[in-house]
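Notes for the one structure printed next.
The values are calculated or read from the model by the stated rules, or taken from the named source; none is laboratory data. None of these values were measured; they are calculated from a predicted model. Cβ sites come from the backbone with ideal geometry, for glycine too, and all protein chains shown count toward neighbours.
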Amino acid sequence: MATTLFTQNIIACVWDFDKTLIPGYMQGPLFRRYGVDEANFWAETNKLIETYGRRGYRLSSEIGYLNHILTYVLAGKMPKLNNKVFRELGREIVFYPGLPEFLIGSKAFVREQPDYLKYEIQLEHYIVSTGIAEMIRGSAVAPHVDGIWGCEFIENPLRPGFLQQKEFDLGADAEIAQIGMVIDNTTKTRALFEINKGTNKDPSLEVNARIPPDDRRVPFANMIYIADGPSDIPSFSVVKERGGKTYGVYNPARSDEFKQNDQLRRDDRIDHYGKADYREGSETSNWLKLQIQEIADRLVAEREAAVAQRVARPPKHLNPTPAEEEARRRAGQPRQATFLE
């Protein structure tokens with residue numbers, strides 16, 4: 001009998017980071033540490049594409065900000081910046097109210113329900129961000145998520161001829177020197193398919209491999225994508241069009257963010273939206289918990305229906321009818337015990 005690769009008992013909440021879990025951009029602690037004017041850095045970054053374009057170069061926006069950080073390092077304005085420093089800076093990231101408690105509590109809720117436990121239903125949280133992965137790994141939410149996608153830097157880049165050389169020592173004072181991974185608003189969708197197909201849990205599976213829907217670890221119908229705005233439309237579309245749920249959050253102090261979320265709802269990009277407040281009893285917390293519960297209840301119903309369909313019922317003892325009992329009595333036969341006796 002054929003078996004499936006995965007039991008599809010996982011529910012996944014997939015989170016954007018900047019302006020979704022935190023009010024602003026995660027790089028704030030980086031700029032404060034080195035005394036860099038944050039507004040000026042982003043103004044320069046936003047002009048890179050135009051300025052390089054006049055020189056005949058093409059530059060993607062996400063690589064642009066990463067390259068500009070490297071330029072600051074090379075110019076001595078961010079000395080000794082490395083991945084250890086990024087992780088330390090992650091501790092300074094301030095989250096929206098209710099985090100990381102919501103991540104902890106929602107997982108506990110699923111674990112504690114007897115019906116969900118019976119069918120080994122689990123909730124997982126993932127972060128997919130265009131920000132810096134090492135900063136997220138150093139932040140307060142990192143222990144409570146099951147995977148992080150983000151941009152990464154390389155220290156001590158391998159030199160020409162490294163295949164013929166012995167491994168050389170890695171200095172503790174190494175600086176970032178190259179870009180290792182870029183996540184942009186389009187490649188975020190690749191991460192969604194990695195979660196969907198289970199390639200993040202089983203490296204032997206290729207994300208571009210053809211995997212039948214019944215063999216995928218987290219069907220999109222079991223997925224909820226939470227983000228803050230129009231830049232996440234590709235990810236919203238991938239999840240929503242495949243049966244998952246999508247939710248937009250906004251900073252309650254920003255009327256423009258409310259307006260853009262309302263427009264996303266009008267355009268049917270998201271199912272619902274609310275304030276970026278994850279405290280117990282908030283609209284956002286209630287909506288997300290409701291979706292998690294409804295998905296889990298559906299999984300239970302599907303499992304029970306499958307059991308009922310595949311498992312044959314044992315034959316039942318048929319109790320005599322009143323007429324049969326009367327006939328036995330007249331014939332002098334003893335009364336038969338019923339099933340309930």
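A few comments on the model shown:
- Looking across the stretch 272-306, the residues that are of a type outside the set (Lys, Arg) and within 22 Å of SER237 (Cα to Cα) come down to HIS272, TYR273, GLY274, ALA276, THR284, TRP287, LEU288, LEU290, GLN291, ILE292, GLU294, ILE295.
- Residue within the stretch 62-73 that is of a type in the set (Gly, Ala, Ser) and out of contact with any Leu (no Cβ under 6 Å at 6 or more places or on another chain) present: no
- Only listed residue being in a loop (DSSP other than H, G, I, E, B) and closer than 18 Å to VAL73 by Cβ, chosen from ASP184, ASP173: ASP173
- Condition met for ALA177 (without any contact (Cβ under 8 Å) to a residue 60 or more places away in the chain, touching a helix residue (DSSP H, G or I) at 6+ places or on another chain (Cβ under 9 Å) and either closer than 25 Å to ILE292 by Cα or aliphatic (A, V, I, L, M) (or both)): no
- Strands (runs of 3 or more DSSP E) enclosed by the stretch 194-278 - at least 3 residues per element that are surrounded by 15 or more Cβ atoms within 10 Å (Cβ to Cβ) and not aliphatic (A, V, I, L, M): 245-250, 272-275
- Selection within the stretch 97-152 - free of Cβ contacts under 8 Å to residues at least 40 places away in the same chain and among the aliphatic types (A, V, I, L, M): ALA108, LEU117, ILE148
- Any hit, the stretch 39-54, residues being closer than 22 Å to ILE154 by Cβ, surrounded by 16 or more Cβ atoms within 10 Å (Cβ to Cβ), free of Cβ contacts under 8 Å to residues at least 40 places away in the same chain and not β-branched (Val, Ile, Thr): yes
- The requirement of being polar (S, T, N, Q), in a loop (DSSP other than H, G, I, E, B) and modelled with pLDDT of 95 or more is fulfilled nowhere in the stretch 32-40; no residue meets it.
- Residue in the stretch 4-17 that is outside any helix (DSSP H, G or I), charged (D, E, K, R) and touching a residue at least 12 places away in the same chain (Cβ under 8 Å) present: yes
- Of everything listed in (1) under 20 Å from ILE195 (Cβ atoms); (2) touching an Asp or Glu at 6+ places or on another chain (Cβ under 8 Å), the single unmet condition for GLY105 is (1).
- LYS80 meets the stated requirement of being charged (D, E, K, R), under 16 Å from ASP173 (Cα atoms) and more than 28 Å from the chain's Cα centre (by Cα).
- Members of the stretch 21-40 that are of a type in the set (A, V, I, L, M, F, W, C), within 29 Å of the chain's Cα centre (by Cα) and within 17 Å of ALA75 (Cα to Cα): LEU30, PHE31
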